[in-house]
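Heads up: the structure comes next, in structure tokens.
Readers should treat all values here as calculations from the given coordinates under stated rules, not as data from a laboratory. Fair warning: this is a prediction, and the values are worked out from it, not measured in the lab. Note: ideal-geometry Cβ built from the backbone for every residue, glycine included; neighbour counts use all protein chains shown.
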Amino acid sequence: MNYIMLVNKDYPLNDDLELDLINVGKNNDGEDVYLERKAGKALLKMLNDVNRLFDNEKIIVSSGYRSIDDQQNVLDYYLNIEGNNAYKRVALPGTSEHQIGLGIDIGIIKNGEYKDDLTGNEEALKWLFENAYKYGFILRYPLGKENIHGYRYEPWHFRYVGLIAKYIKENDLTLEEYVLEKTIK
Ligand SMILES: [Zn+2]
């Protein structure tokens with residue numbers, strides 16, 4: 001598995017990969033969520049650690065691996081609700097890194113109430129922004145870099161990249177910048 005594989009609008013992936021997936025828990029709708037094995041193990045450790053720290057906020061998984069068909073279903077769902085605005089919110093099938101099993105969306109149960117339209121001001125999320133790299137994760141679509149990663153700010157979406165997460169965090173890079181910088185050198 002190539003943990004720094006770039007999948008976005010410019011680097012689409014039009015076939016499902018064969019992945020070794022593990023279950024990382026249920027989302028708020030009771031659906032099982034899956035991630036690639038190494039990413040999933042790291043995620044479980046990270047959630048276990050962060051969820052000991054904040055009494056009022058518990059992080060749970062929202063969405064992990066999606067096949068190309070799953071991604072189409074998500075897009076269709078939002079197209080139905082909000083028309084063409086859905087294209088701003090949901091990646092086209094082939095362009096979502098949820099397809100490679102390394103991207104995870106999280107939600108928070110705060111004082112008993114579930115929330116997944118997170119702002120980034122949640123205490124547990126702030127902890128993840130600072131510490132996720134220790135588990136091999138980066139915040140994939142950070143604020144202020146929308147023109148580079150091509151999505152809106154998504155404080156709920158983390159991406160497993162492995163050991164290189166530390167370098168990416170310390171240098172304030174997006175995965176695009178890291179991968180393209182390496183290609184140029
Ligand atoms: Zn996501």
Keeping to the stretch 17-71, report how many residues are of a type in the set (S, T, N, Q) and under 20 Å from residue 130 (Cβ atoms). 3
Residue count, the stretch 96-124, condition surrounded by 21 or more Cβ atoms within 10 Å (Cβ to Cβ) and either without any contact (Cβ under 8 Å) to a residue 40 or more places away in the chain or within 14 Å of the ligand (Cβ to nearest atom) (or both), comes to 10
Any chance the stretch 54-67 includes a residue that's loosely packed, with under 14 Cβ neighbours inside 10 Å and either closer than 28 Å to residue 11 by Cα or more than 14 Å from the ligand (Cβ to nearest atom) (or both)? yes
How many residues are without any contact (Cβ under 8 Å) to a residue 24 or more places away in the chain and on the phi > 0 side of the Ramachandran plot when one looks only at the stretch 13-70? 1
Collect the residues in the stretch 116-161 that are part of a helix (DSSP H, G or I) and under 14 Å from the mean Cα position of the chain (by Cα), keeping them in residue-number order. 125, 128, 129, 132, 133, 135, 149
Could you check the stretch 20-69 for strands (runs of 3 or more DSSP E) lying wholly inside it with 1 or more residues that are touching a strand residue (DSSP E or B) at 6+ places or on another chain (Cβ under 7 Å) and among the acidic types (Asp, Glu)? 32-36, 57-63
